[in-house]
């Protein structure tokens, strides 16, 4: 559901931004407004970004092979990272450059009605796209608040589209203010100021997305609720005494790698331990369907053991050897 919902939101945003970009460029040619040019480039960048998100989703569906044995799920993280870079350069930096240029070399605006008309249409289309993204996000965010959902989601597309659309709407209102003040006061500096505000906004959004996508690319653990569910499923498995160590990592938005060391009832034979491991894996998959790759091994609990130097152990006394 997360994948299909993300695709619907991406397509809605792509259609809206493509139409908006054409209208803004026409308005820029007619008016010469720097804010309109900045918004035009912003919409072109957003349209390209949605194409990159769709590309990432398509490449992520490739079947695992000998070279990429855990599959291509992280393609979605990579292309979302590229989206953040495009938004930073084509969106934010270009807008800052254009704003500074207009401050140094003011240009008289013409046909203000054109600019305002296009901005009103763009606000309508962008609002439709934003509404679609919100509707699709509500289906998967659960009880999390919006900020928590954007910050903790392991699926990148919907948070990216949400932030892009929110930034686009705010940018449109900033452009409207800049153009309007320039028309009212006859001072073109307001148009340049609006452009600088748009650029600053895009840089902030792009910076946030870059940090979030970098974290996902490196490999984030499962959400706390999923970790608790995995631990509970394992500990409820017959013949499992305790979880000594448990580690998880998202190898894709909808696929989770689970590795753990477990203590079993000491009297079990090797075949019985193997059966208990199979039962624990089945319990994990029932509790957390995202757990597609599970590697569990028996170990011996030692309360005085130093925690694993490769990472924090989740057992009270660390992992045994």
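Please treat every number below as a calculation from the coordinates, not as lab data. Predicted model only: the values in this text are computed from it and were never measured. Don't worry about glycine lacking a Cβ; one is built from the backbone with ideal geometry, like all the others, and counts go over all protein chains shown.
Some observations on this one:
- Of the residues in the stretch 167-185, at least one is farther than 23 Å from residue 89 by Cα, free of Cβ contacts under 8 Å to residues at least 24 places away in the same chain and surrounded by 15 or more Cβ atoms within 10 Å (Cβ to Cβ).
- The stretch 235-249, residues that are closer than 30 Å to residue 6 by Cα and touching a helix residue (DSSP H, G or I) at 6+ places or on another chain (Cβ under 7 Å): 248
- With respect to the conditions (1) farther than 24 Å from residue 125 by Cβ; (2) buried (at least 18 other Cβ atoms within 10 Å of the Cβ), residue 100 falls short on a single one, namely (2).
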